[in-house]
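Novice: One structure coming up, written as C-alpha cells, with questions to follow.
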C-alpha cells in the first residue's frame, strides 16, 4: 500500500513538472534564404524571457529579439554561400532544454498558404 502511494506521488510530481516546462508548437516561416536575415516567429506556451538558441550551422547568426510567454521573435542571418540544407535549432532556458526544431535553407522565398489551395 505504501509503495502504491509513493508511486502515485512520484507520478503526480512528474506530471506537474512536465506541465510547467516551456513548450514549442511551431515556427514560421520554416525556411530561410542564404545571404539574408529572416525573422522567425516561434509559437509556444510558457516561453521564458531568458530563452537562448543554438544552431547546427556554425555560420548562422541568431538573435532573439523578444520572448513573450506565448511567442518569441528570432532573427536568423545566413551568409551568401550557405548550403541548401536543413538546420537544427535548439532552444534552452533556466527551466531546461526545449525540443529541437528544423529550418530549411532554400533559395525560394517562403509563401504563406492562403487556405484556398484545394
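Laboratory data are not the source of any read-out in this text; all were calculated from the coordinates shown. Given the structure is predicted, the values throughout are model-derived calculations rather than measurements. Here Cβ is always computed from backbone atoms with ideal geometry, including for glycine, and neighbour counts include all displayed protein chains.
Novice: Any idea which of 87, 103, 80 is out of contact with any strand residue (DSSP E or B) (no Cβ under 8 Å at 6 or more places or on another chain) and either outside any strand (DSSP E or B) or more than 21 Å from residue 21 (Cβ to Cβ) (or both)?
Specialist: Values: 87 fails: out of contact with any strand residue (DSSP E or B) (no Cβ under 8 Å at 6 or more places or on another chain); 103 fails: out of contact with any strand residue (DSSP E or B) (no Cβ under 8 Å at 6 or more places or on another chain).
Answer to the selection: 80.
Novice: Taking the stretch 72-95 as the region of interest, how many residues are under 13 Å from the mean Cα position of the chain (by Cα) and exposed (fewer than 15 other Cβ atoms within 10 Å of the Cβ)? Outline the logic, then answer.
Specialist: Step one: of the stretch 72-95, the residues under 13 Å from the mean Cα position of the chain (by Cα) are 72-76, 87-93.
Narrowing the set further to residues that are exposed (fewer than 15 other Cβ atoms within 10 Å of the Cβ) leaves 73, 75, 88, 90.
Summing the residues that are under 13 Å from the mean Cα position of the chain (by Cα) and exposed (fewer than 15 other Cβ atoms within 10 Å of the Cβ) in the stretch 72-95 gives 4.
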